[in-house]
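Everything below concerns the one structure shown next.
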Amino acid sequence: MTSVMASAPTQAGAEIFERILAAPSGLVVMDSKDVQALIDQFRTLARHTGQAVYLWQPDTGLGSLRDAHVRVPDCQRLGNALRYMQQSMHFGVYFLIGLELPLSAMDATLLRQLARAPKEHLRRVVLIDAPATLIEHLGNMAARVSSGDSQPRRLRLRDGRWLV
């Protein structure tokens, strides 16, 4: 019985989430081949762990991934959402999808301030598939995290087939 529990696979997205939390900056840039699958992994992770994980999109605003029906009021616009993230004193991971250029000067300033957030308030703002010019503009202020699995895949032979 204990061997079954010990061999339970780690939850999808947990390793990526840990890398986001370990990033040296409050602002993280991530590229993804399948954004929707990545968000679904984080939604499942948030529901099972109870973590405060949010998603901002231009059409829906800022909402909780843990509770799909919970929206943060007055955070439809990017600037309002960034101010909310900056003023929050609680733990939170905020995913931003669909950023469009040009950003206003205030939005760019808020992103830079979030990158330099004090270490005592664990808050991460994650830009998923951000435009290349924005990434260049942020430079080394933003940490880069890969959405791919950092663990090397080990192939196994089972019933005459190779499995990952």
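Annotations for the structure displayed:
- Test: residue in the range 54-67 that is without any contact (Cβ under 8 Å) to a residue 24 or more places away in the chain, under 21 Å from A14 (Cβ atoms) and of a type outside the set (G, A, S): yes
- Residue within the range 16-34 that is over 10 Å from the mean Cα position of the chain (by Cα), hydrophobic (A, V, I, L, M, F, W, C), on the phi < 0 side of the Ramachandran plot and assigned to a helix (DSSP H, G or I) present: no
Listed here are the residues, each with its yes/no results for (1) at pLDDT 95 or above; (2) surrounded by fewer than 20 Cβ atoms within 10 Å (Cβ to Cβ).
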residue: T2; (1), (2): no, yes
residue: S25; (1), (2): no, yes
residue: V35; (1), (2): no, yes
residue: D67; (1), (2): no, yes
residue: V70; (1), (2): no, yes
residue: R77; (1), (2): yes, yes
residue: L82; (1), (2): yes, no
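- The set of residues from the range 85-110 being surrounded by 15 or more Cβ atoms within 10 Å (Cβ to Cβ) and within 24 Å of A22 (Cβ to Cβ) comprises M85, Q86, S88, G92, V93, Y94, F95, L96, I97, L99, L110.
- Residue match in the range 110-126 (condition: outside any strand (DSSP E or B), under 12 Å from L78 (Cα atoms) and in contact with a Gly (Cβ under 9 Å, 6 or more places away or on another chain)): yes
The values are calculated or read from the model by the stated rules, or taken from the named source; none is laboratory data. Keep in mind that this is a model prediction, so the values were computed, not measured. Methodologically, a virtual Cβ is constructed for each residue, glycine included, from the backbone with ideal geometry; neighbour enumeration extends over all protein chains shown.
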